[in-house]
Structure formats: C-alpha cells, structure tokens
Amino acid sequence: MSAQTWTYLLVGLTFFIYIIIAIVSRAGSTKEFYVAGGGINPIANGMATAADWMSAASFLSMTGLIAFMGFSGGQYLMGWTGGYVLLALLLAPYLRKFGKFTVPDFIGERYYSKNARLVALICALFVSFTYVVGQMKGVGVAFARFLNVPFDTGVLIGIGIVFFYAVLGGMKGITYTQVAQFCVLIFAFTVPAIFISLQMTGNPIPQVGFGSKGTDGVYLLEKLNQLSVDLGFDAYTKVNKDNLINMFFITGALMFGTAGLPHVIVRFFTVPRVKDARISAGWALLFIAILYTTAPAVAVFARTNLINTLSETPYKNAPSWFSNWEKTGLLTFDDKNGDGKIQYVSDTTNNELKVDQDIIVLANPEIADLPPWVIGLVVAGGLAAALSTAAGLLLVISTSISHDLLKNYLQPNISEKGELFAARVAIAVAVVAAGLAGLNPPGFVAQVVALAFGLAASSFFPAIILGIFDKRMNREGAVSGMITGILFTATYIIYFKPQLGGSGLPEDYWFGISPEGIGTLGMLFNFIIAILVSRFTAPPPKEVQELTERIRTPRGSTSLNRSVH
Amino acid sequence: MSKKSISYWKINLKYLGILLSIWFTVSFLFGILLADTLNQFYIAGFPLGFWFAHQGSIYVFVILIFVYVYLMNKLDKKFDVDEI
C-alpha cells in the first residue's frame, strides 16, 4: 500500500474512534459539561492533560525549531515542561480544593470583585482564542499536504469533528477523546524516532541514542558539531553566550505562562480529590516528557540526515521527497552558482537551500526511508495533537461565556438546563468562529502566541499564587497588579513586534530580552505592585481570609465539591 | 488558624522551598547560565550543559513532582488533614 492509502486509512480509523467515544460519553449536566463530573481517574486525567497541552506546534514545529537552533532550542524543552512543577506544587491542589469550575471563578471569589472576574474572563477568552485559531490552521495544513484535499476543506473537516464531540460531550467527551488522542500522538511520535535511532546508532532508545556513537564509530553529536562548523554554522551543542539572558527570560515566560494558562488549570478541576490533583500533574508531565525528551533526539537525527543527504549533492540526484516538498514551497532550492549541486551553508549569500522548520517531523520518515505506514501514522498523530488542544481551548471559551459571563455576571437566575444549553450554543459558536478565523488566519497568529504566554504569565500566575500564599492580598492589590502586568507586557510585545505594527528595533530590547521573554518581567512587576498596593489598603474581608485558610488543607474537598450547584 | 495548621503550612512551605530550588538549579542554572562551564564535562556522550538543557532538567522535573506527592501524602496523614 502507498503512503497515501495508509494515511487515509489511519486518519479515518482514528476519527472513527473519536466519534464513538464522544457518543458513549455524552454530558448530562453542567458539572459533567464543565469538569467531567469531577470524577476522572488521575492517570486518565494526566493523559488528557498531556494531549491538551501538546498542540500542533509541539508535535510538528518544535522539533524543527530545535534542529535549526541547537543548544538554544532548550528554552522550549525546559519552558514547556517546567511549568508543570509550578502547577503541581503551587496551584493545582489548592485550586482543586477551592472546587469551582474556572479560573475567573477563583479570581472573582478570592478577590470578592466582579470587575476582577471580568478582567480574568477577558484574558482567558483572548488567550484561548488566539491559541485555538493556530490549531485549526494546523489541521488545514496537515489535510492539504497529505490527503490532497484543499486547505479550506481540511479546516472544515476539522471543525466538523470537534463540533461533534465537543458540543455533545463537553469536558466529559473531550477528556475521554483526549486520552485516545494522546495514545495516537505519542505512538506516532515515538515509533519513527525509534526506527531512526536504530538506523543511525543501533540503540532503540532515542534519548540515549543521540548521545551514542554512530555506525561509523564517531559520537553523533561530535559529528553534527563538525558538520555544522564545516558549513559555517555554530556547533550544535555550543552555548550562545550573547543570548543567555534572553534564553533565561524566554524559558521563564514559557514556564510561568504554562502555569497560568486557563485550559491547563481547568484540567485539575476534573479529578475527585486534592491528592489526585497533585499526582495527576505528575502523570501529565511524565506523559509530556515522553515526547519532549524524544524531540531533541529527533532534531539531532534529522539535522544530521539532512546535511548528509543534501549537502553538495547534485540536484538531479536529490531523493524523491525533496521534489515532493519543493511543490509545497516549504523547501526551496536556488542554484546560485550554477554548479547543479545543493550548497547548504550558513552564509546567506551562498546558501541555496531553504527548509521550513515545520516539515522536519513530517518529512523525517521519508528522509530516513521508513515504511509508508509510518508516514500515515505521523499525519494521524499531528491531527490528534491539533484536535485535542483545540477541543480543550474551545471548552474554556464556552465555559467562560456560559458560566462566567452569563451565569455569574448577566443572568444569575438561569436554570441548570438553561446554562447547559447556553454552554452548548457557546461552544458551537466558538468552534465555527475559530474555524473561520483558521480559514483566513491573520498573518500575526503565530506572533500572537507569544502574547498569549506573556499575558498568562503576567496576569493569572501572580494573581492565583498570591491568592493562595498571601492571606493579606486584597482586591486592590490583585487588580492593580494584573493591570500593570498586562499593560506592560502587551505594550512591550506590540511595540517590538513589527508583525503587530510595532516600530521597535531589536537593538533597543531591554537587557536584550525579546518579546517572547518579556512576560517574566511583567510577572515580576505584577508581584511587586500587587504586594505594595495591598499593604497600603484595607485587608480582605474575614470570610475571604477564611477561604484562603480553607484551601490550604486537603480535607473536605469532596464535600466542598458536592455542595457546588 | 490553629497551631496545628500553622505548623502543617510551615512544613509545606519548607518542602516547596527545597523542591523549587532544585527546579531552578537544574533548568535556569545548569541548563542556561552555567551551561557553558558544564559543557566541558561529558555524560554518556553528551556535553553536560547541553544535556541539562535538552534532557536532564525534564527528568528532574518529573521526579520532583512525584517526590512532592509522596511527601505531601505523608504529611497530610501525619497532621490528619488527608481526604477520606
């Protein structure tokens, strides 16, 4: 069978499984719709969290980014995993004990303020929506390249699937579908990695393999360093000393942002007990780590293979995948010196090859000459990653609208049935809106993701941490802190992102910190302002201080949970 | 707040302090600021600083969470605040 047939088969099969799961796990109440009834097993929740977390970007783009960045790419690996330590130690157990449905719920009650809830609500909507549009676009790209359907049709199929199981199943349907999607995506990512690791180093474990000796007896990393230097690039493992402060801040912004993202936090409301919330963060990170420790290995294999296969190769002898990808425009060759050979060098005036980072994972099985079913598997995995993240984000959007806006702000007397109906309508509208935005993605979607992490780090993270660990923190402090953090971070990012219309130049970065990393500084400003303001204003009311004490011990979580609604 | 819950909270904060210092050390120090120095040493074929940035810190993160869960479950029982 050809790769094309395999792809149709595997994608069709996985989609069929998702639909069956959705029908079996329909949601019957708002509690099932928002937090899956609060009864999810911690290991299952760990898998669902991992699928929720690992997006099209983690699956498709990150490996390529690392392959071209080398050492500095570690900022994504540490940044997108380290946040789970913060979640497990500083947030998840306490928010689970608090026992409501959303992050704006916590902010609104802990800071006894409808305005604080509204600020949190707007942030949650903005962060989730920008994120989900990128996922829809990812679905369209995967369909367009591998199933020979137009980009628009691909996005529409994606909308259809997510619409079906998210509207029907709410958090319950999404959680169980995400468990299945996790299995698909992790299998799809590790299988080709194991094959390639065996091929190149004889070791089946990629994490160990990329530090071992290659078939020629030379350490793989040493060989890649040598190849890179010969072509004028930096050695792969070399520390870029001028970039260290920036790398420090970017890693921080990604970690604190992870711990402040509403669609990640809400997952810890779905487990039965506080101790389940703690352990489920551990399982989530363990499952995420499988992909995140394999990715840097794949990056090294792919970069080495790419150089070995293409550098100084006559164009007419280039392998067949080369011309396949040329057609998509994601890989281009321009024979500048007319010698008919591919020159891949660091110097841009002589370099003749451009490779889009997004194709590394997708092209890797072809580059390594793996059997055709592996290619189909990788496509199914990429789609699973995009769909699972999209569904989790859409649920946050719908909950924000039906629960935080409608139930708690506009129409407090709405019935349970009315709220559930509103939640379904909200998610349906959100799916369609995200799909339409994905069809016609504004050029700045990718740039806005930096903004999403920056805002989560500089607004939610400090507000939640202070709400738990500082009993004296009051409404005035938290709100002024959040506003300072958001305004500072958003202004800096917009000013220094030409794609967002800013006029700032990289030379003028503060301490060399790029917009991706500024959320860390915004977070520090938030903490400082919040603490200062709170100490000069009235302490929070007695019942709020008691709430803060109550969420610090686990006992009573189940009864607290039952009394809600 | 009762005396008991104050000392429960203090021990919790002590655990957090220790575990988060390790979290900071392996990633921000070993994986970034000190990586260049550590790269002189090798572990299983990897320059050490590079290994912390691309592998080691992630393993340590996972271990930290499971250690925290173990410590807190024990502490909850000891102070009789665990869930039934």
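The values are calculated or read from the model by the stated rules, or taken from the named source; none is laboratory data. Only a predicted model underlies this, so the values are computations on that prediction, with no experimental measurement involved. Ideal geometry is used to build each Cβ from the backbone, glycine not excepted, and the neighbour counts take in all protein chains shown. We work out accessible area using only protein heavy atoms, side chains counted, and drop any ligands, DNA or RNA first. Shrake-Rupley method; radii C 1.70, N 1.55, O 1.52, S 1.80 Å.
For A:Thr520, what accessible surface area do you get with a 1.4 Å probe? Give it in Å², rounded to 10.
My reading of the accessible area for A:Thr520 is about 10 Å².
Run lengths n ≥ 4 of DSSP H only: what is the helix-derived mean residue ellipticity at 222 nm for chain B, with -39500 (n - 2.57) per run over all residues, to the nearest 500?
Calculated mean residue ellipticity at 222 nm is -19500 deg cm²/dmol.
State, to one decimal in nm, how far the label point of A:Glu543 lies from the label point of A:Lys241, with both points 7 Å from Cα in the Cβ direction.
6.1
Going toward the positive end of the dipole of the range A:1-160, with +1 on Lys and Arg Cβ and -1 on Asp and Glu Cβ, which of A:Ser72, A:Ala44, A:Val11 do you reach last?
A:Ala44
Quick check: at a probe of 1.4 Å, how many percent of the accessible area of the protein assembly as shown sits on carbon and sulfur atoms?
Carbon with sulfur: 65 percent of the solvent-accessible area.
If you count only protein heavy atoms and use a 1.4 Å probe, how large is the accessible surface of B:Ile43, to the nearest 10 Å²?
Around 60 Å² of this residue is reachable by solvent.
May I ask you to rank A:Ile531, A:Ile186 by accessible area, largest first, using a 1.4 Å probe over the protein chains only?
The most accessible residue leads, giving A:Ile531, A:Ile186.
Under a plain spin-label model, where a point goes 7 Å from the Cα along Cα-to-Cβ, how far apart in nm are B:Thr25 and A:Leu9?
Those two pseudo-labels are separated by 5.2 nm.
What is the calculated FRET efficiency for B:Lys78 to A:Phe187, with r their C-beta to C-beta distance and R₀ = 41 Å, to the nearest 0.05?
0.50
For the charge dipole of the range A:201-314, defined by +1 on Lys and Arg C-beta atoms and -1 on Asp and Glu C-beta atoms about the Cα centroid, which residue among A:Asn308, A:Thr215, A:Ile279 has the Cα displaced farthest towards the positive pole?
A:Ile279
Dividing the Cα radius of gyration by the Kirkwood radius, what Rg/Rh value follows for the range B:11-78?
1.12
Hey, what's the per residue convex hull volume over the C-alpha atoms of the protein assembly as shown, in cubic angstrom?
150
Charges at C-beta only: +1 for Lys and Arg, -1 for Asp and Glu. How large is the resulting dipole of the range A:485-551 about its Cα centre, in Debye rounded to 20?
Here the range A:485-551 has a charge dipole of around 140 debye.
For the full complex of protein chains and a 1.4 angstrom probe, list B:Lys10, A:Lys417 by accessible area with the highest value first.
Largest accessible area first, the residues go A:Lys417, B:Lys10.
At 1.4 Å probe size, with no ligands or nucleic acids counted, give the accessible surface of A:Glu516 in Å², nearest ten.
Rounded to the nearest 10, that gives 70 Å².
Can you list the HN-Hα couplings for the range A:532-542, worked out from phi with the Karplus curve (6.51, -1.76, 1.60; θ = phi - 60°), rounded to whole Hz and with x for Gly and Pro?
Per-residue couplings from phi come out as 4, 4, 5, 6, 9, 10, 4, x, x, x, 4 Hz.
Placing unit charges on C-beta atoms (Lys and Arg positive, Asp and Glu negative, everything else neutral), compute the dipole magnitude of the protein assembly as shown about its Cα centre in debye, rounded to 20.
2680
If you rank A:Val218, A:Val179, A:Val379 by how much accessible surface each has, with a 1.4 Å probe, what is the order from largest down?
The most accessible residue leads, giving A:Val218, A:Val179, A:Val379.
Which one of A:Val425, A:Gly381, A:Pro539 has its Cα pushed farthest toward the positive end of the charge dipole of chain A, where Lys and Arg give +1 and Asp and Glu give -1 at the Cβ?
Positive-end residue among those listed: A:Pro539.
With n ≥ 4 as the cut-off for DSSP H runs, can you work out [θ] at 222 nm for chain A, using -39500 (n - 2.57) per run divided by the number of residues, rounded to the nearest 500?
-22000 deg cm²/dmol
Whole-Hz Karplus ³J(HN,Hα) for the range A:92-102, in order, using 6.51 cos²θ - 1.76 cosθ + 1.60 and θ = phi - 60°, x for Gly and Pro?
3, x, 6, 5, 5, 5, 4, x, 9, 9, 9
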